[in-house]
Amino acid sequence: MSHEDRRLAAIMFTDIVGYSALSQRSESLALSILGDHRELLEPLFQDHNGVIVKSTGDGYLAEFASAIQAVQCAVAMQTAVHDRNNSSDPERVFQIRIGLHVGDIVHQDGDVLGDGVNIASRIEPLAEPGGICISEQVYDHVHNKVELHLVNLGPQELKNITLPLEIYRVFLPWEDVSSFTPRLIKSRCPSSRTFATKVAVLALPIVAILAAIGGYYFAPKGIVPDSTDDGLRTVAVLPFKDLSVGMDAGYFSQGLTEELINALSKLKGIRVPARTSSFTYRDSIKDLGEIADELEVEAVLTGSVRTDGKHFRISARLNDIKKDEVLWSKNFDHEMDSIFAVQDEITKKIVQTLKITLDVDDRNPIVVASTGDMEAYQCYLKGRDAWNDRTEEGFEKALMCFQNAVDHDPHYAQAYAGLADTFYLMERYGHIPTEEGRAKSKQNALKALELNPDLAAAHTSLATIFEFEWDWEAAEDEFKKAIELEPNSVIARQWYASLLSKMGRYDEALAQIETALPLDPKSGPLNRSYGAILAANESEDEAIRQLRSTLESHSDQPNIRPLLAVLLAKTGESEKARALLREERDQFQVSPELETNQAYVDLQAGDPQVLEQTLDQYLNSSDLPAHSFGIGMLYAFKGDLDESFTWLEKAVDVKDFNVTHLGTLIELEPLRKDPRYIALLEQMGLRSAMPTTKT
């Protein structure tokens, strides 16, 4: 009886380029070179934990337990041959090709069999002389673990392999990737398929898809098949990799990822982690299983993008993490003006493949073209990419890009919303004067809504402006409209929760933030907001736990430590609070808010020195009205409530936005027992909106 051993392995095939022709010309020279070849390469297999299964005459079939070790061995082999050739006589120069695949193999009676071996043998002839080609399965294992350029050559038809396979070329250190022109290569293995066979093979996946989705394409409007027991309802869209050659197109790949997330997020019945959480894994070396566990999703969409600005190739793949299988994959080669149609196809295919029951009409697009001008669209993507940096330089670039977008297309609503968002944050971060920022943000938000009344992002932008103007009812209406249009909009729910908290409606604020958290679990600002609302709701122990957890995973983000420090100081842990503020000062720019936090924490520790120094600095400032709120806080810390309310009233008079936090800052709790506190709320228009104000 034969013994069979089946396992997953990385398989390597090699051969010497042109060896048969060389043998015909000079058998003695061919045998001599073959000896050099064996002496040079065979030790490298052992060095990389590879096992030579058998020699194929002028090449090898080898097995590795690790795809990374297989790639490293292949690179070492080509390097050894390259170095040898540089010092050899021209007649003794030889080159090898290498092909790699990860697949199921069977050891039987001293031989190795299986599809994995067959595929690896078909990949090897695709390599250039002196080159390495790998399958998509190998790419998935190594792309973020080796410092090599891996360029997608597209799907290749391999002899006696049913479906085309995505192949990547490994660029070696001495090869110039910038001069490489992407192209689809054809297999050097001649295909014996007849036309009828090709049609049958191509029809198989179509039939399978139609059977799986139960005739989705032919369902009446608004009707899709019932979801099955194994239907998946959670999917993460990871950042698509930029494989463009000769240009920086990261903005396009990241923009595509963000737009797919936005499109899926608009659908009820499916949960998609938001951009912040998804982009946490942009440079991650974690495998898909780990990422899925952390994001609590069942499926993951991965992909790559290659573009020259006018054309694009998108490779997309949907993975079922539980079953560890690819549910769907496809490549798209189109001109840029079809990008929205491709986004729509990918979005619908995800819905179909996950077998989700949604009210989706296949005759109507989920992704609607936001502009007909592709120059405007690319400017918009560049603007969003720069805006996401949240730096002054990023905001300035974003303004330029969004303005270029509206110059190309004056009816581009999203670009006006981008301008509104940028002016809003530039004002909030202190990069431009308050009046300028608010006026221009409102102007562009209104323009966006004039062009597209159903643009949720514009309603969110306008809500923040109304909040700055202390028009609480209008702000709430706009937030509600944004959430109605996009129930999974994290930023709308987060900012609406902040508004509700200021209005004293803590239960509603917590409901909004707790709805947003599963949509963007990795967001530092969102998790910090959750801690702030818990603190404002007097759930101090929960707030401390939340903020400590947030700090563990977001130690590189500002404003988490100061809030946690205030809570710790309030509960008697002043030294831990001081240590947190020292860390904040070491990492980030010192702000008036940080100085005020420091004064409070030190005072709780019995040291009033910083408070007196900061108060003196504010009182002698050339821009005294700008510090009214801070001065009012410092006097409150001292217990001088008369002076505190005098300065807080001045802050209200100049409409300092910080004073709207009067009800949420835990260090100002002593003020809330004073009748003058209620008067300040009434002056801001907040009293009537705060039926549950804690006094």
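The values are calculated or read from the model by the stated rules, or taken from the named source; none is laboratory data. Quantities reported herein were computed from a predicted structural model and do not represent experimental measurements. When we count neighbours, we look across all protein chains shown, and the Cβ atoms used for this are built from the backbone with ideal geometry, even at glycine. Surface areas here come from the heavy atoms of the whole protein model, side chains and all, with no ligands, DNA or RNA. Shrake-Rupley method; radii C 1.70, N 1.55, O 1.52, S 1.80 Å.
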Gained length - Gln587 relative to Val106, 0.36 nm times residue gap less alpha-carbon distance
167.6 nm
0 to 90° range, to nearest 10: angle between helix 413-428 axis and the chain longest Cα axis
50 degrees
Could you order Lys382, Lys310, Lys348 by accessible surface area, starting with the largest, using a probe radius of 1.4 Å?
Lys310, Lys382, Lys348
Förster radius 60 Å - calculated FRET efficiency between Arg92 and Asp337 (Cβ-Cβ, nearest 0.05)
0.65
Can you give the accessible area per residue of the chain, in Å², using a 1.4 Å probe?
45 Å²
Please list the non-local residues whose amide H lies under 5 Å from the amide H of His311, H modeled 1.01 Å from N, same-chain partners needing a gap of 5 or more.
Met336
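What is the percent carbon and sulfur in the accessible area of the chain, measuring with a 1.4 Å probe over the protein chains and ignoring ligands?
In the chain, the share of accessible area belonging to carbon and sulfur is 49 percent.
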Cα pair distances in segment 585-667, grouped into 10 Å bins until the bin that holds the longest one, percent each:
18, 53, 27, 2
The FRET efficiency for Ser539 and His661, from their Cβ-Cβ distance with R0 = 30 Å and rounded to 0.05, is 0.95
On a C-alpha basis, how far is the centre of segment 251-265 from the centre of segment 77-128 in Å? Whole number, if you could?
39 Å
Rg ratio (alpha-carbon, reference 2.2 N^0.38 Å) - segment 24-163:
1.08
For segment 428-505, report the translational diffusion coefficient in µm²/s to the nearest whole number, using Stokes-Einstein at 10 °C, 1.306 mPa s, and a Kirkwood Rh over Cα pairs.
126 µm²/s
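Suppose only helical runs count, i.e. DSSP H with n ≥ 4. What mean residue ellipticity at 222 nm does that imply for the chain under -39500 (n - 2.57) per run, divided by all residues and rounded to the nearest 500 deg cm²/dmol?
-16000 deg cm²/dmol
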So, for the Cα atoms of segment 369-412, Rg and Dmax in Å stand at 10.1, 30
Angle, helix 250-265 long axis vs. longest principal axis of the chain, Cα atoms, 0 to 90°, nearest 10?
70 degrees
For Ile68 and Thr571 in one chain, what is 0.36 nm times their gap in residues minus the Cα-Cα distance, to one decimal in nm?
175.9 nm
In vacuo Debye sum over C-alpha of segment 577-617, base-10 log of normalised intensity I(q)/I(0) at q = 0.19, 0.20, 0.27, 0.31 Å⁻¹, listed in q order, is -0.50, -0.55, -0.94, -1.11
Residue order for Arg38, Arg545 - accessible surface, 1.4 angstrom probe, largest first:
Arg545, Arg38
Sorted on mean Cβ neighbours within 10 Å (highest first), peptides 271-277, 658-664, 386-392 come out as 271-277, 658-664, 386-392
Modelling each spin label as a point 7 Å along the Cα-to-Cβ direction, I'd like the Asp389/Glu643 distance in nm, to one decimal.
4.4 nm
For segment 522-634, convex hull of alpha carbons as volume per residue, Å³
106 Å³
Whole-Hz Karplus couplings 3J(HN,Hα) for segment 641-653, θ = phi - 60° and coefficients 6.51, -1.76, 1.60, Gly and Pro as x, run 6, 4, 5, 4, 5, 4, 7, 5, 5, 5, 5, 5, 4
How tilted is helix 472-485 with respect to the longest principal axis of the chain? Cα atoms for both, answer in degrees (0 to 90, nearest 10).
20 degrees
Round to the nearest 10 and report in Å² the accessible area of Glu649, as given by a 1.4 Å probe over the protein chains' heavy atoms.
80 Å²
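So if the hydrodynamic radius of segment 439-598 is defined as the Kirkwood radius over C-alpha pairs, what does Stokes-Einstein give as its diffusion coefficient at 10 °C and 1.306 mPa s, in µm² per second?
Reported coefficient: 95 µm²/s.
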Shape of segment 370-492, Cα gyration tensor, a/c cut at 1.5:
oblate
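Taking R0 as 30 Å, what's the FRET efficiency between Asn620 and Ala579 from their Cβ-Cβ distance, rounded to 0.05?
Rounded to the nearest 0.05, the efficiency is 0.50.
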Solvent accessible area, Å² - Val106, 1.4 Å probe, full protein context:
10 Å²
Label model pair Glu473, Glu290: point-to-point distance (7 angstrom along the Cα→beta-carbon line) in nm is 5.4 nm
Angstrom value of the Kirkwood radius, inverse mean 1/r, which spans all Cα pairs in segment 242-374:
15.6 Å
